[in-house]
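The values are calculated or read from the model by the stated rules, or taken from the named source; none is laboratory data. Just so we're clear, the structure is a prediction, and the values are computed from it rather than from any experiment. Positions of Cβ are generated from backbone atoms using ideal geometry, with glycine treated the same way; all protein chains shown enter the neighbour counts.
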Amino acid sequence: MKISFNWLKEYVYFYLSPQELAKRLTNVGLVVADIKPVEDDFCLDIEVTSNRPDCLGIIGIAREVAAAVGGSLHLPEVHFITTGDDISEFIDITVEEPILCPCYTARIVRNIAVGPSPEWIQKRLKCIGLRPVNNIVDITNYIMMETGQPLHAFDLDKLTGQKIIIRRARSGEEIVTINGARRALFHDMLIIADGRRPVAIAGIMGGKETEVSESTRNILLECAQFEPRQVRRTSRALGIASDSSYRFERGTDPEGVDYVSRRATKLIKDYAGGEIAGGVINIRTGRQETKRITLRMERLHKVLGVEIKRDVAIDILTKLQFNVLNDVDNFIDLEVPSFRGDVCREIDLIEEVARIYGYNSIPTKTSISVRGSARNKYEIVEDTIRQCLTGLGFYEVKTFSIVDTSPLQSLNLWSEKDGIDIANPLRQEESRLRTSLLPSLVSVKRYNMDHGTEQVRIFEIAKVYLAGNKLPQEKTCLSILVDTDFLSLKGMVESLLLNLGIPLKQEWTRFNKSGLFMDERAASIRMDNTVLGYLGEASSVLGFKMQSSLAEIDMDLLTERSNFGKKYQNIPQYPPVFRDLAIIVSEEVTWASIEKCIADTKVPFLEGINFFDVYRGKQIPAGKKSIAFNLCFQALDRTLKSEEVDNVQQVILDTLHKTLAAELRKA
Amino acid sequence: MRMPEKIEEIKRNIEKEIRAITALKDAEQFKIKYLGRKGIINDLMKLIPTMRVEERTVFGQMVNSLKVEITNKVEELIKKLTAETVPEIKVEIFDITLPGKRPLSGKKHPLTQTIEDIKEVFARLGFDVAYGPEVELEYYNFEALNIPQDHPSRTDFDTFYIKDDVLLRSQTSTVQIRIMEKQKPPIRSIAPGRVYRPDTVDARHSFMFHQVEGLLVDEGVSFADLKGVLNQFIKTYFGQNIQMRFRPSFFPFTEPSAEVDISCSLCGGKGCNVCSYSGWVEILGAGMVDPNVFRAVHYDAEKYTGFAFGMGVERITMLKYGICDIRLFYENDMRFLSQF
């Protein structure tokens, strides 16, 4: 809220520069975001939090200044003399919705002269960025800015049937608001109507037809209280936010309505002349009980961690206009002023004391106990992966979880179902929760290609969102994009698995996902019949200039299967014996089947089976290939004799021949 | 042929062959032929086990002396030939100032680095790490955090919705409720994660960003403790010279609530455009857990007190490195990522 520095001084005495005042206000929770000199005045832009509508008027700010700085508060006098007939001669007011309008007051001033408002009012309004219109409008604005209570002036002669009815809109009703826009109204909206039609949207904006104009002679001054939620809903539904709705939706002071009405009436009489009709129409229903709260000093000390003296606490609360009812044995009974709708509980009082006492005067101590904290399993997995991959030259990226609905984004790796749509997206480009991280990595690669970096090695750890019951399944994934072939990326993934203590017992099956992976060069990776992830060479449709491979791995499954319980294995004292072998098999025979066949022999001493080469060429018949590998034999208690190894090796070769029709390739 | 004769013959051949050698390359070839692993000398050695025991010693000595003789001759020859060749070779000087061959090396995303740094500081203060869902029930994002429907404070929390009561969390405070529902005090947790708000993207705003939420609940926890813990964090993370300032503020889920500023590290508190010439920059929101929040998770609000705090990871990272456009974090330009 913008306030004028000189204007503020009218209600509270203080001897501070605008900068010093700003500091003091900031320290009690009213952040001064900006100080701008305006002629011989300053405009202070104050951020008022949504719980403090009482500070949406300069008097409210003055009250805080009085509490924080120590000056006393001066409120303007509102005495005036009424002349002429009683108000009831001119208007009849009915409140049909007492819950939505708990208080409605009206005063009438007749034979006024509409014209420019006095210089000093114009100056103050301009200082805080309001455009002067005429004396009546300016005075209602001035009083709203002064007190935080919105008002509205109707041209009395334009109200049909000498009637004001506060009711819900009827279907089909419309209003043209003072800004010239025509609005259709709905049944759940509260309006002010005359005998014929809506003349204002309650608490939000008045109607064009009944607004005060140059020719207005008689006015009806409305000052009311409207139920905050109703104002907020209507304001949102119509898309109209005004200084008035802003205040009503935060809550106005129910006890202040009459004071404000009188204050405005007096100013109108003073600066627009005319006669004030006798009496007032003041319809109030369900008067709010005054809130009483007990503050326990012991609780205050416990919550704040500082022993604030009782007298100090009482002084602070009194300055904030809390009324001390009773004060025995460190129990202080207080009455909450009506403008402090935000204070309902003891904890709210504690905050008030702390605020004015000064947060920076509360000690900074750490009396919390010592406690150990260890990383959980997921964190260890995440850290290990980041460490491994950055060590291999990868950059970690972060991309948006909300994506578009393009075919690439709709590849749906993990689920048949489409991604979850956002009901209120900002743009079509960000309207769906992603089901895979890979399309985002593809975009990052393209972005970097466009900016001159061809080679990228990137990964991301983030969630994908799969349609579920009430809430979606959020699966954390690791995705990798790298400029290598299938086997190099497979090797990186394998080394990740080993680093996480997961043995390489996965099943790699051919997998097709055209649009993402190259046909024949992609696999799904399974672990005990659960999909661990997908890996493949990038499809040419992705438009990369260099060979690239992609993988997406289920991090939740990785975490579950990871095993960091390490145990030392004795290093063998005797040398191992290595045998290099090359066998000729049919094209269809996979390495996995060869490896399995060898392992299944369960021969003694066999320690390792290491693939090293596949060869197709001159000496190899068509439809066959030669696979070279190395076997490692080891006994723990002695050096193996050549014959022992020969025998075992022969068993392996025989089995390979029998099972896979493999022939030993002669050198 | 008897063995001694064979050796004699070899000796003769050697003389002949050596005389014929004029190039260094041929000398190397000669050396391999006689002294290599599959060379003549080794072949002779392999015969030893096949001999009668009494012959073995004599033959062995003969082979050995032959080996020594050949070795000497060959080394001498190589030396000679090398010396002859040297003047012909151009002198190469190894340039030690050539750039090193650097292995590929990557980096963690700067936001990850910030989150890890924050986690580490709080881990030393005994805080565990917790996570919660990003797609949340409205209840956890609002009602349980003391933000009722149609409350004006909801204006401060514009939110992406999936359907009626399911939304994308707009704050990591949701995790507070999930932790307290599962666990009894004492609690000491931090929760890093992604949050979403329908803000149009510009240099300062992003519809997705990261927060770290902190929560400590126990008996006898006070506002002074909150200040103490956050002071520890700020001094550790930003530096011992950095000052901290608490300002009263409002969050529905804490009471009393505070915004925490640190002295601007760019201008040292003198005032610059990063701190809007105030000398202070806001880095986090905090406060004592509101009794209504405790009520939502069925904690005894008289017995337990606690504090919560939340900070924006992007904001802290931007402050730390002087980054002035939040979009850089999500463009993932290698020229950006490689700087951290």
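Every condition in (1) under 22 Å from B:D199 (Cβ atoms); (2) in a helix (DSSP H, G or I) is met by B:V293 except one, and the failing one is (1). Looking across segment A:394-408, the residues that are buried (at least 17 other Cβ atoms within 10 Å of the Cβ) and either of a type in the set (V, I, T) or farther than 25 Å from B:D164 by Cβ (or both) come down to A:F394, A:Y395, A:E396, A:V397, A:K398, A:T399, A:I402, A:V403, A:L408.
Taken over segment A:132-161, residues that are surrounded by 20 or more Cβ atoms within 10 Å (Cβ to Cβ) and part of a loop (DSSP other than H, G, I, E, B) amount to 4.
For segment A:162-176, indicate whether the set of residues that are at negative phi, modelled with pLDDT under 95 and in a helix (DSSP H, G or I) is non-empty. No. Counting residues in segment A:329-345 that are within 11 Å of chain B (Cβ to nearest Cβ), of a type in the set (K, R), in a loop (DSSP other than H, G, I, E, B) and within 30 Å of A:N563 (Cα to Cα) gives zero.
Return the residues of segment A:432-461 that are of a type in the set (A, V, I, L, M), outside any helix (DSSP H, G or I) and within 8 Å of chain B (Cβ to nearest Cβ); say none if nothing qualifies. Matches in segment A:432-461: A:L433, A:V456, A:I458. With respect to the conditions (1) in a loop (DSSP other than H, G, I, E, B); (2) modelled with pLDDT of 95 or more, A:I192 lacks only one, and its number is (1). The strands (runs of 3 or more DSSP E) located wholly in segment A:1-117 that include 1 or more residues which are within 25 Å of A:P337 (Cα to Cα) occupy A:2-4, A:31-38, A:41-47, A:103-110.
Using the structure shown, decide if B:S278 is part of a loop (DSSP other than H, G, I, E, B), at the interface with chain A (Cβ under 10 Å from one of its Cβ atoms), over 33 Å from the mean Cα position of the chain (by Cα) and hydroxyl-bearing (S, T, Y). Against the criterion (part of a loop (DSSP other than H, G, I, E, B), at the interface with chain A (Cβ under 10 Å from one of its Cβ atoms), over 33 Å from the mean Cα position of the chain (by Cα) and hydroxyl-bearing (S, T, Y)), B:S278 qualifies.
Quick check on my filter: what residues within segment B:233-262 are more than 7 Å from every other protein chain (Cβ to nearest Cβ) and assigned to a strand (DSSP E or B)?
B:M244, B:F251, B:T254, B:S257, B:E259, B:V260, B:D261, B:I262
Residues in segment A:333-368 that are surrounded by 20 or more Cβ atoms within 10 Å (Cβ to Cβ), out of contact with any Gly (no Cβ under 7 Å at 6 or more places or on another chain) and of a type in the set (K, R): 1 in all. When restricted to residues that are exposed (fewer than 11 other Cβ atoms within 10 Å of the Cβ) and free of Cβ contacts under 8 Å to residues at least 60 places away in the same chain, segment A:541-572 contains 4.
Looking at this structure, is B:K163 within 12 Å of chain A (Cβ to nearest Cβ), more than 21 Å from A:E429 (Cα to Cα) and modelled with pLDDT under 95?
No, not satisfied.
Residues of segment A:540-555 that are in contact with a helix residue (DSSP H, G or I) (Cβ under 8 Å, 6 or more places away or on another chain) and outside any loop (DSSP other than H, G, I, E, B): A:L542, A:S549, A:L550, A:A551, A:E552, A:I553, A:M555. Here segment A:400-409 is the region considered, the condition is being in contact with a strand residue (DSSP E or B) (Cβ under 8 Å, 6 or more places away or on another chain) and of a type in the set (S, T, Y), and the residue that is nearest to the other protein chains (Cβ to nearest Cβ) is A:S401. Regarding A:E607, is this residue within 21 Å of A:L487 (Cβ to Cβ), surrounded by fewer than 17 Cβ atoms within 10 Å (Cβ to Cβ), of a type in the set (D, E, K, R) and within 58 Å of the chain's Cα centre (by Cα)? Judged against the criteria, A:E607 is not a match. Identify the residue in segment A:462-474 that is aliphatic (A, V, I, L, M) and facing chain B (nearest Cβ under 9 Å) and, among all such residues, is farthest from B:S206 (Cα to Cα). Going through the qualifying residues, I end up with A:L471. Checking each residue in segment B:211-232 for being within 9 Å of chain A (Cβ to nearest Cβ), part of a strand (DSSP E or B) and buried (at least 23 other Cβ atoms within 10 Å of the Cβ) picks out only B:L216.
Do we have A:D311 as among the acidic types (D, E) and either loosely packed, with under 13 Cβ neighbours inside 10 Å or in contact (Cβ under 8 Å) with a residue 24 or more places away in the chain (or both) here? Full working, then the answer.
On the way: among the acidic types (D, E): yes; either loosely packed, with under 13 Cβ neighbours inside 10 Å or in contact (Cβ under 8 Å) with a residue 24 or more places away in the chain (or both): yes.
Taking the combined requirement at face value, the residue satisfies it.
Residue-by-condition table, conditions (1) acidic (D, E); (2) at the interface with another protein chain (Cβ under 8 Å from one of its Cβ atoms); (3) in a loop (DSSP other than H, G, I, E, B):
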{"position": "A:A354", "(1), (2), (3)": "no, yes, no"}
{"position": "A:P363", "(1), (2), (3)": "no, yes, yes"}
{"position": "A:V370", "(1), (2), (3)": "no, yes, yes"}
{"position": "A:R375", "(1), (2), (3)": "no, yes, yes"}
{"position": "A:Y378", "(1), (2), (3)": "no, yes, no"}
{"position": "A:V381", "(1), (2), (3)": "no, no, no"}
{"position": "A:K398", "(1), (2), (3)": "no, yes, yes"}
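Here A:G256 passes the criteria (1) under 35 Å from the mean Cα position of the chain (by Cα); (2) closer than 16 Å to A:I143 by Cα except the one numbered (1). In segment A:410-427, the residues that are away from chain B (no Cβ under 14 Å) and among the aromatic types (F, W, Y) reach residues that are part of a loop (DSSP other than H, G, I, E, B) and buried (at least 16 other Cβ atoms within 10 Å of the Cβ) with C-beta atoms within less than 9 angstrom, at least six apart or across chains, in these pairs: A:W414/A:T435; A:W414/A:S436. Reported count of residues in segment B:166-202, each being in contact with a strand residue (DSSP E or B) (Cβ under 6 Å, 6 or more places away or on another chain), of a type in the set (A, V, I, L, M) and either outside any strand (DSSP E or B) or more than 10 Å from chain A (Cβ to nearest Cβ) (or both), is 5. Can you find a residue in segment B:2-21 that is surrounded by 12 or more Cβ atoms within 10 Å (Cβ to Cβ), at pLDDT 80 or above and under 55 Å from the mean Cα position of the chain (by Cα)? No; the residues of segment B:2-21 include none that is surrounded by 12 or more Cβ atoms within 10 Å (Cβ to Cβ), at pLDDT 80 or above and under 55 Å from the mean Cα position of the chain (by Cα). Scanning segment A:19-37 for residues that are away from every other protein chain (no Cβ under 13 Å) and crowded, with 17+ Cβ neighbours inside 10 Å yields a count of 1.
Name the one entry in A:L300, A:L221 that is in contact with a Leu (Cβ under 9 Å, 6 or more places away or on another chain), buried (at least 22 other Cβ atoms within 10 Å of the Cβ) and in a strand (DSSP E or B). A:L221 is the lone residue from the list that is in contact with a Leu (Cβ under 9 Å, 6 or more places away or on another chain), buried (at least 22 other Cβ atoms within 10 Å of the Cβ) and in a strand (DSSP E or B).
Cβ-Cβ contacts under 7 Å between residues 6 or more apart (or on different chains), taken from a first residue in segment B:124-145 that is within 7 Å of another protein chain (Cβ to nearest Cβ) to a second residue that is in a helix (DSSP H, G or I), are listed as B:V129/A:E379; B:V129/B:K119.
Residues that are free of Cβ contacts under 8 Å to residues at least 40 places away in the same chain, more than 18 Å from A:S242 (Cα to Cα) and surrounded by 14 or more Cβ atoms within 10 Å (Cβ to Cβ) within segment A:169-186 comprise A:A169, A:E173, listed in sequence order.
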